1. Roughly how many percent of the accessible protein surface of the chain is carbon and sulfur, given a 1.4 Å probe and a whole-percent answer?
2. Cross-link list K166/K241; K60/K244; K60/K126; K34/K215; K126/K155: which exceed 21 angstrom alpha carbon to alpha carbon?
3. Could you check what % of the DSSP bridge pairs in the range 37-259 are antiparallel, to the nearest 5?
4. Cut-off 10 angstrom, C-alpha nodes, Gaussian network model of the chain. Which of I218, I242, I178 fluctuates the most?
5. How many percent of Cα pairs in the range 108-223 exceed 19 Å?
6. For the full complex of protein chains and a 1.4 angstrom probe, list T71, T77 by accessible area with the highest value first.
7. So what's the angle, to the nearest 10 degrees on a 0 to 90 scale, between helix 201-214 and the longest Cα principal axis of the chain?
8. Based on the Cβ-Cβ distance from D150 to W21, what FRET efficiency comes out when R0 is 35 Å, to the nearest 0.05?
Amino acid sequence: MRRWLVWAFVVFIASTLTGWWVYNIYKPTYTFTKPAQAALVISFDDRYVEAWHKHRDLFKRYGVRATFFITVTDQLTAAEVQMLRDLSADGHEIASHSFTHINAPKFVKQEGMAAYVEQDIIPSIKTLQSQGFSPVTFAYPYGARSRELDRELSKYFYLLRGDSWKDAGKGIDELDRIYYTFSGRRVIHALGIDANSGVSLQDLEAGFARASRNKEAINIYAHNISEDSAGYSISPHTLEKIFKLAKQYQLQSLTFRDLVL
Ligand SMILES: [Zn+2]
């Protein structure tokens, strides 16, 4: 009986120590202490710089500051870089959407993590920096991610953005993953709201009401801004309605950087 107790004690100590060791490996190196507030976080992906820039007055009119996640940064023309600088001067955030827009988990599986960081992360940060920006947040191309990638990329960025789509038969006020609760979480999911997403203004209203009620930040994202709003784009008209709705629900407009810094 005594022997059994000794063994139980040894197992207890060993598992406690293992737990402590694992916790220390994965614990956050710092925490964010921003007060919770009802907010709208809107972002745009890829490289529709001209279209975004063309509508900068629309953002200004409603005091909306967006985060633009840019990819293929080495192919930006001088004019596009200037447009991004204008957007940055307006208070928008210019952030990283990888260098070549490859599917990160697939690439890591074939080539390994070090090669991925070397080929798609470091050059993205470096080109953006050489163009005068300081990217501190990142959106996964195709929303494709893994825990292993989250751990690695947290070394380079404060926040990582995954994606989320509308669940048939579910309101977006039930999609917990698109709400940031100012908890210090490093991975945030945004709801795609492009023309092809099936997300209506009524859907968004339910989401905005929840954000307002719970003091959460609702995360939404799109790609192109175009009158011809098909596929991966949203019309300026719809965007204006969304901005009006956000005002109505008194949602503060925050960039990704604002969520943590
Ligand atoms: Zn993309």
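The values are calculated or read from the model by the stated rules, or taken from the named source; none is laboratory data. Worth saying up front: this structure is predicted, and the values here are computed from it rather than measured. We place every Cβ from the backbone using ideal geometry, glycine too, and count neighbours over all the protein chains shown. Accessible surface areas use protein heavy atoms only, side chains included; no ligands, DNA or RNA. Shrake-Rupley method; radii C 1.70, N 1.55, O 1.52, S 1.80 Å.
1. 53
2. Violating the 21 Å limit, Cα to Cα: K60/K126.
3. 5
4. In this elastic network of the chain, the residue with the biggest mean-square fluctuation among I218, I242, I178 is I242.
5. That tail contains 53 percent of the Cα-Cα pairs.
6. T77, T71
7. It is inclined by approximately 50 degrees.
8. 0.95
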